[in-house]
Structure formats: structure tokens, C-alpha cells
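Below is one structure, written out as C-alpha cells; comments come after it.
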Amino acid sequence: MSRLGKKPILIPDNVEIKIEGQKVSVKGPKGELSHEVRPEIKVEEKEGNILVSIQSMTRKSNAFWGLSRTLVFNMVEGVTKGFEKKLELNGVGYKANIEGEELVLKVGFSHLVKMKVPEGINISVEKNVVKVSGIHKQLVGLTAARIRKVKPCEPYKGKGFRYEGEVVRRKVGKKAAGAE
């Protein structure tokens, strides 16, 4: 029995829900999202709430029950508030800029790294902080992970991208051998 799947999802006033068979569409002030729910799961709207339940019992139906409820909840959350991730860029001479539809990174390579910004994602750069925001939680997280993958934070000097609030364990570098 899924503890998370049992919880009803409250529909805010400014959000429209449309359920057609297994397809759930959510429309709100920030945009519109849709998702195809697995056939074992049933989604219905009752009294201003969205209820997710099991339609046919299979081995993995409990796992899909909680997953489907979370995905629908994230869609409702995304069209009302949106999601954002912040990445801090540390390193001497490391810079990030937005040029048109591309994020241009100067992170210690012999060339500039250019990344195309996906549709539905907004990227802004303020000093050494890159802010990735949008209404689709998975796409925001994936875009932030791709940016971080270009130059992850290394443990010796702390250079590279790290998520805001992420703690990177620092290592002690080489020590010079003392002549006695």
C-alpha cells in the first residue's frame, strides 16, 4: 500500500485539470503540462482534489501508484509556482554568459563551451550564479545536471560548478618532503 499514493492532490483555484483516459493535462498561470499515466493507475477528479488509485493490481502497481501521484503533483506545482535550481561557479577566470539561445561557459578549457537552452527552460546568470528555472521539474533538474557535468566541483581547490548549498569535501594536496 503506497502511503504517498493515498494522499489527495489539492487543486488551486487558478489551475485547470483535464483527464482523458490515461492522459492528464494541467493548465495554470505559468503554462501547460501533460503526462500519460500507466494503465494500472486510475486518476480522477473529485471535489477540488485529484485522487490517484490502482486500477488493476500487478507486481509493480504500488510503485507506479506513488510515482504517478508524485508526477501529477509536480505538474500542479510547476504550473503554479515553477521550479528552479541554482549553480555556483567557482574558479579564477571562470565565467558564464547568455548569448541569444545559448549558455556560453568559460571554465578553463582551451575553448568556450556552448550549450543550447532547451525549450521551456529559462537560464539567467548573475555574477557567478547560474539560475535554471521552468515549469517541468525533470527538465529543470536535467538541464542543471548537464551544466554541472561540464565542470563538476573538484575536491582540491573547489573549482567548478556546484549546486547552491552543496558541501564539497576538500582534500589535502601534496605536501613537500622536508629535508632533515
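Laboratory data are not the source of any read-out in this text; all were calculated from the coordinates shown. Bear in mind the structure is a predicted one, so any value in this text is a computation, not a measurement. For neighbour counting, all protein chains shown are included, and Cβ atoms are generated from backbone atoms with ideal geometry for every residue, glycine included.
Brief remarks follow.
- Within region 3-80, all pairs of alpha-carbon atoms sorted by distance into 10 Å bins from zero give the percentages 20, 57, 21, 3.
- Relative exposure of 149, 81, judged by other C-beta atoms within 10 Å (fewest first): 149, 81
- [x] 9, 36, 30, 18, 6, 0; [y] 10, 32, 26, 16, 11, 5, 1, 0; [z] 9, 28, 23, 20, 14, 4, 2, 1, 0, with the label sought being that of the calculated P(r) over Cα pairs in 10 Å bins from 0, in percent: [z]
- A crude spin-label estimate for the pair residue 46 and residue 94, with each label 7 Å from Cα along the Cβ direction, gives 5.2 nm.
- Local electrostatic count at residue 73 - Lys and Arg +1, Asp and Glu -1, tallied over other residues with Cβ under 11 Å: +2
- Long-range HN-HN contacts of residue 58 with modeled amide H, under 5 Å: none
- Mean ellipticity per residue at 222 nm, deg cm²/dmol - from DSSP H runs of n ≥ 4 across the chain, formula -39500 (n - 2.57): -6500 deg cm²/dmol
- Residue-wise HN-Hα coupling along region 41-53, computed from phi with Karplus coefficients 6.51, -1.76, 1.60 (Hz; x: Gly, Pro): 10, 10, 10, 9, 10, 9, 6, x, 10, 9, 10, 10, 9
- In percent, rounded to a whole number, the relative contact order of the chain is 17, using alpha-carbon pairs under 8 Å and six or more apart.
- With the simple spin-label model, which puts each label point 7 Å out from Cα in the Cβ direction, the residue 6 to residue 116 separation comes to 4.7 nm.
- Neighbour-count order for 61, 110, fewest beta carbons within 10 angstrom listed first: 110, 61
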